[in-house]
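The values are calculated or read from the model by the stated rules, or taken from the named source; none is laboratory data. These numbers come from a predicted model, not from an experiment. When we count neighbours, we look across all protein chains shown, and the Cβ atoms used for this are built from the backbone with ideal geometry, even at glycine.
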Amino acid sequence: MALSPDLLEILCCPEDRTPVKPADAGLVDRLNAAIAAGKVKNRGGHPVTEAVQTALVREDGKVLYPVRDDIPVMIVDEGISTEAL
């Protein structure tokens, strides 16, 4: 991930304002497998069809936000619940 440490330090979940951190490779792999199987919807209820290369996960591990083209998509409805993964 090309996000700078300074940026990561100030980013937080837009819903509850808790810190976020880079998702580990295992979580990203499980997410992408679920996306490929057509089993993932974002919190806005829309199907997620594009695999992610990296993501940021909320401090409690329950929600992740995709990073696309090195830009974190920090929008509540774009978040993806990790509970089904």
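Inside region 31-52, can you point out the residues that are loosely packed, with under 12 Cβ neighbours inside 10 Å and of a type in the set (A, V, I, L, M, F, W, C)?
Hits for region 31-52 are Ala36, Ala37.
Do we have Leu3 as surrounded by 17 or more Cβ atoms within 10 Å (Cβ to Cβ), of a type outside the set (S, T, N, Q) and either part of a loop (DSSP other than H, G, I, E, B) or touching a residue at least 40 places away in the same chain (Cβ under 8 Å) (or both) here?
Working: surrounded by 17 or more Cβ atoms within 10 Å (Cβ to Cβ): no; of a type outside the set (S, T, N, Q): yes; either part of a loop (DSSP other than H, G, I, E, B) or touching a residue at least 40 places away in the same chain (Cβ under 8 Å) (or both): yes.
The answer is no for Leu3.
Answer yes or no as to whether Leu64 is surrounded by 13 or more Cβ atoms within 10 Å (Cβ to Cβ), more than 25 Å from Glu9 (Cβ to Cβ) and either touching a Gly at 6+ places or on another chain (Cβ under 8 Å) or at pLDDT below 95 (or both). Lay out the reasoning, then the answer.
Working: surrounded by 13 or more Cβ atoms within 10 Å (Cβ to Cβ): yes; more than 25 Å from Glu9 (Cβ to Cβ): no; either touching a Gly at 6+ places or on another chain (Cβ under 8 Å) or at pLDDT below 95 (or both): yes.
It is false that Leu64 is surrounded by 13 or more Cβ atoms within 10 Å (Cβ to Cβ), more than 25 Å from Glu9 (Cβ to Cβ) and either touching a Gly at 6+ places or on another chain (Cβ under 8 Å) or at pLDDT below 95 (or both).
Out of everything in region 67-79 that is closer than 16 Å to Ala23 by Cβ and more than 11 Å from the chain's Cα centre (by Cα), what residue ends up being surrounded by the most Cβ atoms within 10 Å (Cβ to Cβ)? Talk me through it step by step, then tell me what you get.
Restricting attention to region 67-79, the residues satisfying the condition of being closer than 16 Å to Ala23 by Cβ are 67-68, 70-74, 78-79.
Narrowing the set further to residues that are more than 11 Å from the chain's Cα centre (by Cα) leaves 70-71.
Numbers: Asp70: 12, Ile71: 10.
Of everything passing the filter in region 67-79, Asp70 is surrounded by the most Cβ atoms within 10 Å (Cβ to Cβ).
Take Leu64 and decide whether it is among the hydrophobic types (A, V, I, L, M, F, W, C) and within 13 Å of the chain's Cα centre (by Cα). Spell out the reasoning first.
On the way: among the hydrophobic types (A, V, I, L, M, F, W, C): yes; within 13 Å of the chain's Cα centre (by Cα): yes.
Against the criterion (among the hydrophobic types (A, V, I, L, M, F, W, C) and within 13 Å of the chain's Cα centre (by Cα)), Leu64 qualifies.
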